[in-house]
1. Is it the case, given these coordinates, that Ala129 is over 20 Å from Thr4 (Cα atoms), hydrophobic (A, V, I, L, M, F, W, C) and in contact (Cβ under 8 Å) with a residue 24 or more places away in the chain?
2. If you check Ala27 against the conditions, is it of a type in the set (A, V, I, L, M) and modelled with pLDDT of 95 or more?
3. Within the bounds of the range 9-20, is there any residue that is free of Cβ contacts under 8 Å to residues at least 60 places away in the same chain and either touching an Asp or Glu at 6+ places or on another chain (Cβ under 6 Å) or of a type outside the set (Val, Ile, Thr) (or both)?
4. Looking at Ile101, Ile122, which one is buried (at least 17 other Cβ atoms within 10 Å of the Cβ), closer than 16 Å to Asp8 by Cα and modelled with pLDDT of 95 or more?
5. Sort through Val80, Val69 and tell me the only one that's surrounded by 15 or more Cβ atoms within 10 Å (Cβ to Cβ) and at pLDDT below 95.
6. So which residues in the range 130-140 are crowded, with 18+ Cβ neighbours inside 10 Å and not charged (D, E, K, R)?
7. Looking at the range 195-215, which of the residues that are closer than 29 Å to Val18 by Cα and among the small types (Gly, Ala, Ser) is surrounded by the fewest Cβ atoms within 10 Å (Cβ to Cβ)?
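The values are calculated or read from the model by the stated rules, or taken from the named source; none is laboratory data. The structure displayed is predicted, hence computed values, not measured ones. Here the Cβ is made from the backbone with ideal geometry for all residues, glycine too, and neighbour counts use every protein chain on show.
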Amino acid sequence: MRVTIRADASVAIGSGHVMRCLTLARALRDRGDYVEFASRRLAGNLCDFIASRGFRLIALPDSVLEGGVVSKPLPGAMAVDWERDADETWHAVNAVQDWLIVDHYGLDADWERRMRGCAKRILVIDDLANRPHDCEILLDQNYYPSPQDRYDGKVPPSCQLLLGPQFVLLTPQFEKEASSPRSRDGRIRRVLVFFGGSDPTCETQKALDAIKYWTGPMSILMSSLAPEIRRKS
């Protein structure tokens, strides 16, 4: 089976989309499927990281050249409009895929319909439930009291919904740890602060301000993409 994954990482949107897709990609590869990524070279991208994991990387440009001038990036998660993104992805893939997996807050049913010609089936990974999708499967691994209601009218009636933490995309290391849970007595012995690969809104600093009177052991995880790290480097 041939699979293309469309996901981006950047300073603005973080690394979560690519990282959870890598977990899925490794599982597919382990069972013998061919998996490739289409990812845009935004500031703070993970294109080289994806390639270092042994996957073919289709690197889409940061922005579109029009008349020799780099077009201004669009606000939010998109560097180009969805039509240009679909056309660039289609031409770069250059083969009909069994599955197209898309994990991108800036893409919706319009993009997915445009991509129907190069993919037999589409799987969407989402957790915002704020736009329509045209897909065979939608995966939302987050917990909500009434998860089915969130996608009413946003996906085709035939779409299979995979909703809830039972479908969470975690690496085997987490599964191994979960098989032997540690006993707890309610006491707090150590604090871990981590807000993802880029933390564009500086949540790390907010958390540190909130627990500034904590005197016990603490671990703070930040990547080089975090604004505080970038300002000081």
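1. Values: over 20 Å from Thr4 (Cα atoms): yes; hydrophobic (A, V, I, L, M, F, W, C): yes; in contact (Cβ under 8 Å) with a residue 24 or more places away in the chain: yes.
So Ala129 passes the test.
2. On the way: of a type in the set (A, V, I, L, M): yes; modelled with pLDDT of 95 or more: yes.
In short, yes.
3. Looking through the range 9-20, none of the residues is free of Cβ contacts under 8 Å to residues at least 60 places away in the same chain and either touching an Asp or Glu at 6+ places or on another chain (Cβ under 6 Å) or of a type outside the set (Val, Ile, Thr) (or both).
4. On the way: Ile122 fails: closer than 16 Å to Asp8 by Cα.
Of the residues listed, the single one that is buried (at least 17 other Cβ atoms within 10 Å of the Cβ), closer than 16 Å to Asp8 by Cα and modelled with pLDDT of 95 or more is Ile101.
5. Working: Val69 fails: surrounded by 15 or more Cβ atoms within 10 Å (Cβ to Cβ).
Exactly one residue qualifies, and that residue is Val80.
6. Across the range 130-140, the qualifying residues are His133, Cys135, Leu138, Leu139.
7. Step one: of the range 195-215, the residues closer than 29 Å to Val18 by Cα are 195-208.
Pick out the ones that are also among the small types (Gly, Ala, Ser) and you get 196-198, 207.
Working: Gly196: 18, Gly197: 24, Ser198: 23, Ala207: 16.
Restricting to residues being closer than 29 Å to Val18 by Cα and among the small types (Gly, Ala, Ser), the top hit is Ala207.
Quick grid of which residues meet (1) basic (Lys, Arg); (2) assigned by TED's automatic domain parsing to the domain that holds Arg53:
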position	(1), (2)
Asp134	no, yes
Leu139	no, yes
Tyr144	no, yes
Pro156	no, yes
Gln166	no, yes
Arg187	yes, no
Val193	no, no
